[in-house]
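What follows is a set of notes on a single structure, which appears directly below.
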Amino acid sequence: MSQGGEHTKDHDIVPAHLAVKAMRDNGYKNAAYAIAELMDNAIQAQASQVELLCGEREVQLKKKKSSRIHQIAVLDNGTGMDERVLRLALQFGNGTYLDPEDQDGIGKFGMGLPSSSMSQCRRVDVWSWQDGIDSAIYTYLDLDAVLDREMKEVPVPEPKSIPELWQQVGNSFGKSGTLVVWSQLDRVMWKTARAIIRNSEMLIGRMYRRFLANDRVQIRMHSFDLDKPQKGGGIEKYAQPNDPLYLMSTTSCPYEEEPMFERWGEPHKFEIYHKGEIHPVTITFSFAKEEARRGHNPGSKPHGRHAAKNVGVSIVRAGRELELDQSWVVQYDPTERWWGVEVEFPPALDDLFGVSNNKQTARNFHELDAEALKQDSESITELKERLEEENDPAGPLLELSDSIDRNLKTIRKLLKAQTKGSQGGQERHQDIEAEEQATAETRKRQKEGYQGESDQEETLPDEEQEKELEEELRESGMTQEAAQGIAAFTVNRGLKYTFAETALEARSQLFSITPRAGKIIIKLNTTHPGYENLIEVLENVDGDEDADALRDRLRRARKGLRLLLLAWARYEDEQRGDQRERAQDIRYEWGKIARQFMREMD
C-alpha cells in the first residue's frame, strides 16, 4: 500500500493535534468510502489481491448477546513500503502523489491512509513487507496519544511480526504487501460485519469495475470471530463488477448472462485544452433493452431494484469511479434507473473537474445551466469564450454538460415509448372514449364551417397517413413496433386524435400539439411535474388497489388540476393591455370547444 513522498525536515504529524482532530470530519460519506481509500493505495501499489477483513466479537446487549464489529483490516499483495515510505504514509498531508506529474493513477494527494483511517477509528496499525512476511516492518497512529500530545511524530517503523490472527484469516500474504488494521472503531455507522460487507460490496464493485472485469485485481470480503478465527460460519465472498451502464457481462446484476442495457450510439469523445495541453474526455451513454422492462412492474424485480441503486452519471477518473452524480436525475421519475451515463477523464484534469482530496466527488462537474450563466444576449459560443477567458471551470465543462443534457432528453423519449407502446397498438388504445368523442365533435364543427390546419391532409390515402403518423411517433421516441401499432389503430378507427408520451425539449410545456397526416398528435411532456401529478396518476389504475390508494390518486389528480388552473390564472394576471385581452379570448374560445367536447360525457 505504497504511499510515501518527499521527506520533510522532521517527522512531526502535520498539522498539530487540534487540526488532526478536525481532520476526522474530512467528508468521507461512510466506512465504505474510507475503506476504498485504502484499496486505492493497494491497487496503486500494483496489488492483484486485496482483502477486506472484518473481525467481530460477541457482546452482551440489554436482552441478548450479539456480534459487533471490533476491527477492520485491508490486506494486499502490492509492492509494500520501505521504512521511509511507510513513515510518510501515516503523515497527514504528505505522500508520493503531491506532485501533479505523479498523479497519473488512481492515487491523488497521498494523504488517504491517515485521513480515511482516522475518519472511522481512533487507532490504525500498519505492517508492510517487501521480502516475505518475515521482513515486515510496523508503525501506527493513535488518536488519543496525539490529542494528549504524547505522540508528536509518527513512530519510526521497526521490525515486527504480523499477528497470527491476521495470518490465519488472510489469504493474500505474498512476497510483498501491506496490512492496515483499524481498531477502536468509534465512527463506523454499521455495527456488524454483515452490514459493512453488504454496504461495501456494491460500492466497491462499482468503483473498481474496470479492474475487476479485467482481472487486474480480486477483492475478497471476509468476516470472522476475533476470539475463534478458525471457527467458520462467517461471510466470504468476492466483489463482482457493478456496472451502472449495464454494458458488462457477468456482473453483480441479477439479470441474464448478457448485458441488461445497450449502448446509445458511439462514445462521445472530447478534447479539452487545459494548462497548455490537450486532454481526452469520453462520455458513454446506455439505456435498457426492451426485454429488460417487459412484464408487470420490472422495477420491482431483482434487476430493477439493482438498477435503482445505480442512478446517476458515473464520474470516472483513471479507470476508478469517483461518484454517481445525481444532478441530472429527475428524482421523482422511477424510469431514471433505466439509463446510464459515464464520463471519464484523466488525473491531469483534476483541478478543472474539482476532484476532492478524498476522491469522492468532482465538485465542478454538475449540470450547468447555460441560460443562468449568460450575460445580456450572449450566444452559447460567446458564453463559452467568455468563461474560458475568465478561467472559469464552467467554460470547458459546459460542452460536456450540454452533451449529457441533450442525449438524455432523447434517451428519456425512447424509454417512455418503450413502456407506453410495449402492449401493442390494440391494447394500448382500449380506453379511447375521449379520442372517439373528440373526433365526433370535430366532425360536427367541420360541418359547421370550422377548419383546422390538420384537416387539409385528411384526404391522404390511409397507407400514407399510417406511414407519416408512424414516422412522427418514432421521432417522439417510440419504438418502431409501438409506433406502427398506434398509427395503424388510429387510422383504421378513423380517429382524429392520438396521444404520445415523450420528453419535450421545452421542459416548461405540459404538452405540445403536432398536426400530421390529417391527425392531431398531443404529445404529453413526461418530464413536466404536471404529467406525474395529473395525467399519469390517473392511468393504469390497478383493479386490486385498495380504497386508500385510489383516494390518494384522486387527491393528487385534484391537486394537479387546481395547480394547472392556478398557473393559468397567474399567467393571465401578469399580462397587460392587449395581451391580457388576447389571453382572455383564448380562455373563452378554448372553454367553448371544451364544453362541446365534454357535453355528452356519462
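Taken along its three principal axes, the alpha carbon spread of the range 198-256 comes to 43, 23, 17 Å, from the longest extent down to the shortest. Between the Cα long axis of helix 480-492 and the first principal axis of the chain there is an angle of about 20°, rounded to the nearest 10.
Around Pro259, with a cut-off of 12 angstrom between Cβ atoms, what is the net charge of the other residues, counting Lys and Arg +1 and Asp and Glu -1? So the environment of Pro259 carries a net charge of -4.
Among the protein heavy atoms, those of Thr381 account for about 90 Å² of accessible surface (1.4 Å probe, every chain in place). Average accessible surface for the chain: 50 Å² per residue, computed with a 1.4 Å probe over protein heavy atoms with every protein chain in place.
Sorting Phe345, Phe173 by accessible area puts them as Phe173, Phe345; the probe is 1.4 Å, largest comes first, and only protein heavy atoms count.
Electrostatic bookkeeping for Lys309 treats Lys and Arg as +1 and Asp and Glu as -1; over the other residues with beta carbon under 10 Å from its beta carbon, the sum is +3. Distances between placed amide hydrogens fall under 5 Å for His274 paired with His279, all partners being 5 or more residues away or on another chain. Once the C-beta distance of Asp351 and Thr282 is scaled by a Förster radius of 22 Å, the resulting FRET efficiency is 0.70 to the nearest 0.05. The fraction of all Cα pairs in the chain landing in successive 10 Å bins from 0 to the largest distance is 3, 14, 20, 20, 17, 12, 8, 5, 2, 0, 0, given as whole percents.
Run the quick spin-label model on Thr250 and Ser377: label points 7 Å from Cα toward the beta carbon, then report their separation in nm to one decimal. That separation, rounded to one decimal, is 6.1 nm. Within the assembled protein chains, the solvent-accessible surface assigned to Asp578 is about 130 Å², based on a 1.4 Å probe. Taking Lys and Arg as +1 and Asp and Glu as -1, the other residues whose beta-carbon sits under 12 Å from that of Lys228 total -2. Bridgeable lysines around Lys374 (alpha carbons under 19 Å apart, same-chain partners fewer than 8 residues away excluded): Lys384. Over the chain, dividing the summed -39,500 (n - 2.57) contributions of all DSSP H runs of at least 4 residues by the number of residues returns a 222 nm mean residue ellipticity of -10500 deg cm²/dmol. On the beta carbon distance between Leu565 and Arg443, with R0 = 30 Å, the FRET formula returns roughly 0.55. Here the accessible area is traced with a 1.4 Å probe on the protein chains. For the chain, carbon and sulfur cover 46 percent of it. Counting only heavy atoms of the protein chains and using a 1.4 Å probe, His296 has close to 150 Å² of accessible surface. Across the cross-link table entries Lys64/Lys309; Lys269/Lys416; Lys416/Lys523; Lys29/Lys62, which are compared at the Cα atoms, the separations over 22 Å belong to Lys64/Lys309; Lys269/Lys416; Lys29/Lys62. Note on Lys29 and Arg474: the model spin-label points, each 7 Å out from Cα along the C-beta direction, lie 4.0 nm apart. Looking at this model, which pairs from Lys160/Lys228; Lys63/Lys301; Lys413/Lys444 are more than 31 angstrom apart at the alpha-carbon? Over 31 Å Cα-Cα: Lys63/Lys301; Lys413/Lys444.
The values are calculated or read from the model by the stated rules, or taken from the named source; none is laboratory data. Every value quoted in this text rests on a predicted model; they were computed, and no experiment measured them. Cβ coordinates were reconstructed from backbone atoms using ideal geometry, including for glycine residues, and neighbour counts include every protein chain displayed. Keep in mind that these areas ignore ligands, DNA and RNA; they rest on the heavy atoms of the full protein, side chains included. Shrake-Rupley method; radii C 1.70, N 1.55, O 1.52, S 1.80 Å.
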